[in-house]
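Here's the structure we're looking at; comments come further down.
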Amino acid sequence: MSKLKGGCMCGDIRFDCSDEPNVTAVCHCPDCQKLCGTAFSIVVGINSDSLVVDGEPNVFETVGQSGQAVERNFCGKCGSPLYSVVHSMPGTTFLKAGTLDDTSWLDPTIEFFCETAQPWIQKADNRVKFPLMPE
């Protein structure tokens, strides 16, 4: 099974990538924070032409730091963010790592937009942690 196989929450859109990832990263940009509804997004950069998508995602276009378009692909039925195409980085697509069927191998090696990271991110070791939702 490909480690870059995944899809949306409802199953209407599935994808697969035959290549190895170019990068696994944490993105702290304000757009990723809004898109994912949390402090950051984990993304996996791949060669765009190695991505095969089954289903028709909706696209919401934003403008990136470069001034060029960023196409944010998502499921129109369940709303799951799937991947982004950054026009300033031709040939690269960023999969939203949470949509992968297997996330056990993820180990981000780089962080983007640290200037806009939430200030409490660095304090993670000081928090009380539960294995599951506490009762």
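Every read-out reported here was derived from the displayed coordinates using simple, explicitly stated rules and does not represent laboratory data. Source: prediction; values computed, not measured. Virtual Cβ from ideal backbone geometry, glycine too; neighbours counted across all protein chains shown.
For segment 1-48, what's the radius of gyration and Dmax over Cα atoms, in angstrom?
12.3, 34
Once phi is turned into θ = phi - 60°, what whole-Hz ³J(HN,Hα) does the Karplus curve with 6.51, -1.76 and 1.60 give for every residue of segment 42-49, x standing for Gly and Pro?
9, 10, 10, x, 9, 6, 4, 6
More than 27 angstrom separation, counting every C-alpha pair in the chain; what % is that?
20
Would you mind ranking ILE110, ILE13 so that the residue whose beta carbon has the fewest other beta carbons within 10 Å leads the list?
ILE110, ILE13
Using the Karplus curve 6.51 cos²θ - 1.76 cosθ + 1.60 with θ = phi - 60°, what ³J(HN,Hα) values do you get for each residue of segment 105-122, in whole Hz, with x for Gly and Pro?
Computed from phi, the couplings for segment 105-122 are 8, 4, 8, x, 10, 8, 10, 10, 6, 4, 4, 10, 5, 5, x, 7, 4, 5 Hz.
Relative contact order (percent) for the chain, with alpha-carbon contacts under 8 angstrom and 6 or more residues of separation?
29
With each pseudo-label sitting 7 Å past Cα toward Cβ, what's the CYS10-CYS78 distance in nm, one decimal?
Result: 0.9 nm between the two label points.
Considering amide H positions built from the backbone, and no H for Pro or chain starts, which residues 5 or more places from TYR83, or on another chain, come under 5 Å of its amide H?
The answer is ASN73, LYS96.
Tell me which residues come under 5 Å, amide H to amide H, from VAL23 once H is placed; ignore anything under 5 positions away on its chain.
GLY45
Sorted by mean Cβ packing within 10 Å, highest first, what order do the peptides 78-85, 48-55, 96-103, 17-24 take?
78-85, 96-103, 17-24, 48-55
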